[in-house]
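See below for the structure under consideration.
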Amino acid sequence: MNTFLYFLLSFGYISLFIFGLILSKKNILNATNLFLLVIVGLVYDNLIIALGRSIGEGKLLEGLSYARFWLHALFTPLLILFAWSICFTLGLTWAKKKFWKITFSFLTLGLILYELFSSVIVLKLKAKRENGVLTYESIEPASPVMVILVTLVLVIIGIILIKNFHFPWLLIGTIIMTLGSVLAIWITNFPIMNVLEFLLLLTLLLTKRFQVRKSEKSNT
């Protein structure tokens, strides 16, 4: 059952990626499109988990699993730049100040480097069979620093979007994700965090769509 769910999530992310590309086709290099890289990482992550039993325990699956952690470290902090860029593109005065552009950029780069040096480079994996799924997971518990800071930024930007544009979805998605991390402590036989990650990325796509439509209206 869980294997099927991971396949379903993978195809769901592919759908989000396609819709994201359609939204971004006029300006693919804009920083508001960085969430697409996060989607790419999650497509890979869920596919490798779904294929774990078929690949089987061994060096191949272990090597493929290392890439999951690299992509997480490299791409997830980019949501900070995505959040700033949404505000910048929507014309918010504070976001256009050089100070905030530099601050968000350095925070993003700092978190990537922190995650790489504190977790990924020293990463050691072990095979784990749980709920019908075979994965390779870190022997050491992951540091929560990066996830906490990214979540905090998304919450703040979500509040700003509600205040200025009455757009609630970014904040709603982030809050659901945060509450879900608490539920995951008790729900151990279902990958609730993977499902809530999908819902968060869906709200990021809705945020991108809102920004595109708002920008199109201002240009007409």
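The values are calculated or read from the model by the stated rules, or taken from the named source; none is laboratory data. These figures come from a predicted structure and were not determined experimentally. Neighbour counts are summed over all protein chains in view; Cβ atoms, including those assigned to glycine, are modelled from backbone coordinates with ideal geometry.
For LEU78, state whether it is touching a helix residue (DSSP H, G or I) at 6+ places or on another chain (Cβ under 7 Å) and over 22 Å from LEU205 (Cα atoms).
no
Residue under question is LEU61, and the condition is that it be surrounded by 19 or more Cβ atoms within 10 Å (Cβ to Cβ) and either touching a Ser or Thr at 6+ places or on another chain (Cβ under 7 Å) or hydroxyl-bearing (Ser, Thr, Tyr) (or both); does it hold?
Criteria not met by LEU61.
Can you tell me which residue among LEU47, LEU9, LEU78 is surrounded by fewer than 20 Cβ atoms within 10 Å (Cβ to Cβ) and modelled with pLDDT of 95 or more?
Exactly one of LEU47, LEU9, LEU78 is surrounded by fewer than 20 Cβ atoms within 10 Å (Cβ to Cβ) and modelled with pLDDT of 95 or more, namely LEU47.
From (1) under 24 Å from SER15 (Cβ atoms); (2) at pLDDT 95 or above, pick out the condition that doesn't hold for ILE102.
(1)
Any residue in region 167-186 that is closer than 21 Å to LEU81 by Cβ and loosely packed, with under 13 Cβ neighbours inside 10 Å?
no
Sort through SER218, SER138 and tell me the only one that's in contact with a Gly (Cβ under 9 Å, 6 or more places away or on another chain), in contact (Cβ under 8 Å) with a residue 12 or more places away in the chain and among the small types (Gly, Ala, Ser).
Result of the check over SER218, SER138: SER218.
When the residues of region 162-197 are narrowed to those that are within 21 Å of GLY132 (Cα to Cα) and among the aromatic types (Phe, Trp, Tyr), which ends up nearest to the chain's Cα centre (by Cα)?
PHE190
Here are the criteria: (1) closer than 29 Å to LEU29 by Cβ; (2) touching a Ser or Thr at 6+ places or on another chain (Cβ under 9 Å); (3) surrounded by fewer than 18 Cβ atoms within 10 Å (Cβ to Cβ). Tell me which single one GLU216 does not satisfy.
(2) is the only condition that GLU216 fails.
Kindly indicate whether PHE69 is modelled with pLDDT of 95 or more, within 25 Å of PHE210 (Cβ to Cβ) and in a helix (DSSP H, G or I).
The answer is no for PHE69.
So in region 87-103, with the set limited to residues that are part of a loop (DSSP other than H, G, I, E, B) and in contact (Cβ under 8 Å) with a residue 24 or more places away in the chain, which one is surrounded by the fewest Cβ atoms within 10 Å (Cβ to Cβ)?
Once the filter is applied, the top-ranked residue is GLY91.
How many residues are farther than 22 Å from LEU64 by Cβ, surrounded by 15 or more Cβ atoms within 10 Å (Cβ to Cβ) and without any contact (Cβ under 8 Å) to a residue 24 or more places away in the chain if we restrict to region 141-161?
Going through region 141-161 one residue at a time, the tally reaches 2.
Consider ASN131 against the criteria (1) farther than 22 Å from THR89 by Cβ; (2) in contact with a Phe, Trp or Tyr (Cβ under 9 Å, 6 or more places away or on another chain); (3) buried (at least 18 other Cβ atoms within 10 Å of the Cβ): it satisfies all of them except one. Which criterion is unmet?
Unmet condition: (3).
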